[in-house]
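The values are calculated or read from the model by the stated rules, or taken from the named source; none is laboratory data. Every value quoted in this text rests on a predicted model; they were computed, and no experiment measured them. For neighbour counting, all protein chains shown are included, and Cβ atoms are generated from backbone atoms with ideal geometry for every residue, glycine included. Remember, those area values only see protein heavy atoms, side chains included, never the ligands or the DNA or RNA. Shrake-Rupley method; radii C 1.70, N 1.55, O 1.52, S 1.80 Å.
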Amino acid sequence: NGAVPGERGKQDKSVKRGNWGNQIEFVLTSVGYAVGLGNVWRFPYLCYRNGGGAFMFPYFIMLVFCGIPLFFMELSFGQFASQGCLGVWRVSPMFKGVGYGMMVVSTYIGIYYNVVICIAFYYFFVSMTRVLPWTYCSNPWNTPDCAGVLDGNISSRAALNLTHLLNTTQKRTSPSEEYWRYQGVGWGMGSWWWWGPTDTAVPFTCRRYVLQLSDDIGNLGEVRLPLLGCLGVSWVVVFLCLIKGVKSSGKVVYFTATFPYVVLTILFVRGITLEGAVTGIMYYLTPQWDKILNAKVWGDAASQIFYSLGCAWGGLITMASYNKFHNNCYRDSIIISITNCATSVYAGFVIFSILGFMANHLGVDVSKVADHGPGLAFVAYPEALTLLPISPLWSILFFFMLILLGLGTQFCLLETLVTAIVDEVGNEWIIRRKTFVTLGVAVAGFLLGVPLTTQAGIYWLLLMDNYAASFSLVIISCIMCVAIMYIYGHRNYFKDIEMMLGFPPPLFFQICWRFISPAIIFFILIFTVIQYRPISYNEYVYPTWAISIGFLMALSSVICIPIYAIYKVCRSEGDTLLERLKNATKASKDWGPALAEHRSGRYAPAFSPSTESHLEVQPLQPEKGQSEAAAASPVQGSNGSAHSQDSRL
């Protein structure tokens, strides 16, 4: 850790900001952040749709050349400066707008992500019953087209079920699908989660019982109280887990980051013992090598890697900022990235073993029951669980797993915002009141999420999902790579990493950071633009003003970059525009390691008033502070002069 023989050892701890209790806490938190709901309900669907086992090839290629390098860059960036997504841009102040863009993205995602968690809470609570409410078609909200797998008449129509499913005029709807739609659920193009009603007319008495979806995005209607209550529960849980920052969340992740793997393993063992499970797994893994040449397959692989790892959200920088300065974040980035992707593959076995069993029970092809997003999490999988003995138990475990997966990501989203605010203000007053900042952000997030629990909430949820964190993330990540590698300078950054880790980044990562990863990010951006389709919700067409709001949300994070750059250039010193640009992009004097004991070489402090205030100077052995202070107190000499008992002072 940089200690010299004969000197007292360096503490390598930030008393002012705090650190992780140990390195396991950081790894588990980062795994919980990266491994989210998309690993369970999106990757398996992408895999079987894009060539099964053949999709693994472009997926891991993108992981190696884009995912891990970007992950390592963000971890090393935050760890070196020990600052959040705003403070790190002392490296090039003109690009501080990138940090503000990350905050805006994290705000949008944090608002609607917790609404998804609240739906999982809702299903978790309603699963605590003897018979799951979506088991049979005898409920008030069911339609004449409902056909449950456990209904008495299912055997008579089993042989004709496939034809029935393909018949566009009379489509079978499962009890779980109707329960999901009427209770606030459905699945549509371009969205990861949303809900809505069926096209079948429902008696007015039934429409009072369920969520009454409004006819337009501008007609909010009334608040769905059960979802509002679950949203409150979600935010209370998130706040309590972050009440003491990383000190408390670091202990919570021992459970929230590991228990989902226990549930996945339980469901996997149960799934592979069912009849038809092998068929479902083979459907998931059977390679279709001809699809390798399809550009869309590579685009889906790159996009899944990029969004799954949480790049450009600001969370990775924030979590790494609480590491000790000499922590081996290179090792951590590889471990966390591979764990994230391995979890996605493992979840595919869990999902498709159950779907294969359900397809075998219905006598149809696996493709007829396979789905993704909430259509998988809240329709297909819950319906399959009704076929198992003690189905409420499996349902409780499954939705509890979804809750934990969502909370792991939500912790980091909230901590990203809180850390950025506290670091930006930076005085002792706000540091001591960080808990109140966390409470304020949580309350604001809850209030902003209330409209998403109204009758028109689904429209806004779908709008935010499609626009708030889509191409803007790609642009932010691309600009970050350019700013670090070409504005600050790749040689400077490589020296910083060598100073921090004791070795420079491997040559492979140097090449990826400078050339390959930015090129892949640009490819993802082009792919996103080409694949863009206006969002739709069944037959509902979004009005022009709503789509305009969606684009404004997307631009609100990106526009921070040029606005702050112009502001910084105008405030910089210089007689000409070129001089102002040079001063605005030049690293600040207080850029570098946060602790004075780590600032050596070109970061050796000059101890001027402007820079000394940003450095954290602390005793190397705090526990001896009082005794040394006593020893250093002045005493009265025989000649009446005062002198120190410790001449070293």
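Karplus-derived 3J(HN,Hα) values for the stretch 121-138, using 6.51 cos²θ - 1.76 cosθ + 1.60 with θ = phi - 60°, are 4, 4, 5, 4, 5, 6, 6, 7, 8, 6, 10, 4, x, 9, 7, 10, 9, 9 Hz; glycine and proline are entered as x. The residues of the stretch 55-95 expose, per residue, 16 Å² of accessible area to a 1.4 Å probe. Separation of the alpha carbons by more than 30 angstrom is noted, of 16/589; 16/568; 16/495; 247/568, for 247/568. Taking other residues whose beta carbon is less than 14 angstrom from the beta carbon of residue 434, and scoring Lys, Arg as +1 and Asp, Glu as -1, yields +2. At 1.4 Å probe size, with the rest of the protein present, what percent of the exposed accessible area of the stretch 1-143 is carbon and sulfur atoms? The nonpolar share, carbon plus sulfur, comes to 61 percent. Quick one: of 324/586; 434/582; 96/296, which pairs are farther than 31 Å apart, Cα to Cα? As for pairs spanning more than 31 Å Cα to Cα, those are 434/582; 96/296. Amide H contacts of residue 454 (H built 1.01 Å from N, in plane; Pro and chain starts excluded): 224 sit under 5 Å, all sequence-distant by 5 or more or on other chains. Using a probe radius of 1.4 angstrom, the carbon and sulfur fraction of the accessible surface of the stretch 328-460 is 70%.
Projected onto its three principal axes, the C-alpha set of the stretch 460-509 covers 48, 20, 18 Å, listed from the longest axis down. What is the sum of charges, Lys and Arg at +1 and Asp and Glu at -1, for the other residues whose Cβ falls under 13 Å from the Cβ of residue 115? Combined, the nearby Lys, Arg, Asp and Glu give 0.
Accessible area ranking (1.4 Å probe, heavy atoms, ligands and nucleic acids excluded), largest first, for 26, 523: 523, 26. Sequence-ordered 3J(HN,Hα) estimates for the stretch 587-593 from the Karplus curve with 6.51, -1.76 and 1.60 and θ = phi - 60° stand at 4, 5, 5, 8, 6, x, x Hz, glycine and proline given as x. Per residue, the stretch 301-349 exposes an accessible area of 21 Å² to a 1.4 Å probe, with every protein chain left in place. Between the alpha-carbon centres of the stretch 405-478 and the stretch 526-568 there is a gap of 19 Å. Taken one residue at a time, the phi angles of the stretch 249-261 give Karplus couplings (6.51, -1.76, 1.60, θ = phi - 60°) of 5, x, 7, 5, 5, 4, 9, 5, 8, 9, 5, x, 6 Hz. Gly and Pro are set to x.
Summing +1 for each Lys or Arg and -1 for each Asp or Glu among the other residues whose beta-carbon sits under 14 angstrom from that of residue 276 gives 0. Computed over protein heavy atoms with a 1.4 Å probe, the carbon and sulfur contribution to the accessible area of the stretch 254-295 reaches 73%.
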